[in-house]
1. Which residue is farthest from residue 21 (Cα to Cα), if the candidates are limited to the range 141-153 and must be among the hydrophobic types (A, V, I, L, M, F, W, C) and free of Cβ contacts under 8 Å to residues at least 60 places away in the same chain?
2. For residue 178, state whether it is touching an Asp or Glu at 6+ places or on another chain (Cβ under 8 Å), within 30 Å of residue 314 (Cα to Cα), hydroxyl-bearing (Ser, Thr, Tyr) and not in a loop (DSSP other than H, G, I, E, B).
3. Regarding the range 363-375, can at least one residue be identified that is in a helix (DSSP H, G or I), closer than 26 Å to residue 138 by Cα, modelled with pLDDT of 90 or more and open to solvent by 50 Å² or more (accessible area, probe 1.4 Å)?
4. Within the range 92-114, is even one residue over 28 Å from residue 45 (Cβ atoms), open to solvent by 30 Å² or more (accessible area, probe 1.4 Å) and of a type outside the set (A, V, I, L, M, F, W, C)?
5. Take residue 68 and tell me if it is without any contact (Cβ under 8 Å) to a residue 40 or more places away in the chain and under 30 Å from residue 384 (Cβ atoms).
6. Can you pull out every residue in the range 140-151 that is assigned to a helix (DSSP H, G or I) and under 25 Å from the mean Cα position of the chain (by Cα)?
7. Here are some conditions: (1) in contact with a Cys (Cβ under 7 Å, 6 or more places away or on another chain); (2) open to solvent by less than 40 Å² (accessible area, probe 1.4 Å); (3) under 28 Å from residue 207 (Cα atoms). Residue 60 meets all but one. Which one does it not meet?
8. Do we find a residue being of a type in the set (D, E, K, R) and on the phi > 0 side of the Ramachandran plot anywhere in the range 116-135?
Amino acid sequence: MKILFLSRWLPYPANNGSKLRIYNLLCTLATFHDVTLLSFCDEEPPQVDTTHLESFCTSVHLVKWQPFNPKSKQAILGFFHRTPRSIIDTFSQTMANYITNLINSDTYNLVIASELGMIAYSRFFSSIPAIAEDVELISLRELSMLAPTYKQKIRYTFTWMKYQLYLAKMLPYFNHCTVVSEQEKQILEQVAPKFKKIEIVPNSINLNNYHNKHLTPKPNTLIFAGSFTYNVNYEGMLWFLEQVFPLILTQNPNVHLTITGDHANLPLPSVANVHRSGFVDNIQAYIAESWASIVPIWSGSGTRLKILEAMALQTPVISTMKGAEGLNAIHNTHLLIADTPEQFAHCTLKLLSDSILRKELASNAYKLVQQQYNWATVSTQFLNIVASTGTQCIQ
């Protein structure tokens, strides 16, 4: 089968959750099908090395991504349009032309449009069976629900209404839609009740990549893996350093925290025993050498691959309820969950001081990943969706 895969993110190097999911999908698809990747990238295409992707994709084509500019003419006029402003402003005619040219020059059996941004190009491949992959809505709905001011609440509620109308209009172009969790599926069913072919394909990891990487953890060490270019991570770390870590240090001054990922030159509170490593080449080693991985996340959507990675490396996890959302993980069995500064500090100190608890959580969490979040298992489900969709015609 010939597949045209449309991606908002250039998936290699796979240094964030979205890229890792797309990379796993492409590797799996390319094992059985001819895959053409057409992707946005943050740099000018001639400067991007696509050698690795070309080793398994039939061909790779890149288009420069233009970020949303809320002050642009198109974005301002978008206030008076039913389509969300960010969709209007980031729409690329170059991408649309690329899609048209590729389809006219070859015969594709299936198009996969990854994430919300690529759904906008559906009219350019409407004659071909298609899958809308990884449609995430929770974060958009949360903006309207959790807006801190009345003015922002009105604004984000209006935006959320636009996205609902937009998806209800665009989903009929697709034969199937995939989401990462039951929560996402329920929201999408409410938004587009007439669209029935919604499948849960959870975020997963290739467990084979984590074998033989279990190092000896260093006592009293915590790790937070997450780039601050994603504001959800920065927001969570501010909360942890301002309200939780001082409580931990009061009772155990030997606890050290390492924060990895791009810090985007954003400031953090001045707290002792905090090391900002920045981007690291081998994040797995940092996680495996830590006694616990913390996930103090309060917003956003999807399932946290940082949790699955820690579980695969048998590093115990402490998370907020929001951080663990979308995972079939149970408090005190697979991880510890806490939603107040006092609870989070208590759980952290308990985990650091109890070697038996660390071993039990690590063992149970690893089994959970093996059974439900191992890409070797989940990929079979996705391939079945691909096979059934590729033989259909849009009615």
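1. Taking the range 141-153 first, the residues among the hydrophobic types (A, V, I, L, M, F, W, C) are 143, 145-147.
Now restrict to residues that are free of Cβ contacts under 8 Å to residues at least 60 places away in the same chain: 143, 145, 147.
Numbers: 143: 24, 145: 28, 147: 29 Å.
Per the criteria, the residue is 147.
2. On the way: touching an Asp or Glu at 6+ places or on another chain (Cβ under 8 Å): yes; within 30 Å of residue 314 (Cα to Cα): yes; hydroxyl-bearing (Ser, Thr, Tyr): yes; not in a loop (DSSP other than H, G, I, E, B): yes.
It is true that residue 178 is touching an Asp or Glu at 6+ places or on another chain (Cβ under 8 Å), within 30 Å of residue 314 (Cα to Cα), hydroxyl-bearing (Ser, Thr, Tyr) and not in a loop (DSSP other than H, G, I, E, B).
3. yes
4. As a first pass, look at the range 92-114 and keep what is over 28 Å from residue 45 (Cβ atoms): none.
No - not one qualifying residue is present in the range 92-114.
5. Values: without any contact (Cβ under 8 Å) to a residue 40 or more places away in the chain: yes; under 30 Å from residue 384 (Cβ atoms): no.
No, not satisfied.
6. As a first pass, look at the range 140-151 and keep what is assigned to a helix (DSSP H, G or I): 140-145, 150-151.
If the condition is that a residue be assigned to a helix (DSSP H, G or I) and under 25 Å from the mean Cα position of the chain (by Cα), then 140, 141, 142, 143, 144, 145 are the ones that fit.
7. Failing condition for residue 60: (1).
8. Going through the range 116-135, the residues of a type in the set (D, E, K, R) turn out to be 123, 133-134.
Filter once more, so that each one left must be on the phi > 0 side of the Ramachandran plot: 134.
Taking every residue of the range 116-135 in turn, at least one turns out to be of a type in the set (D, E, K, R) and on the phi > 0 side of the Ramachandran plot.
The values are calculated or read from the model by the stated rules, or taken from the named source; none is laboratory data. A quick note: this is a predicted structure, and the numbers were derived from the prediction, not measured. Reconstructed Cβ throughout: ideal geometry from the backbone, glycine too, with neighbour counts over all protein chains shown. Just the protein is used for accessible areas: all its heavy atoms, side chains included, with ligands, DNA and RNA removed. Shrake-Rupley method; radii C 1.70, N 1.55, O 1.52, S 1.80 Å.
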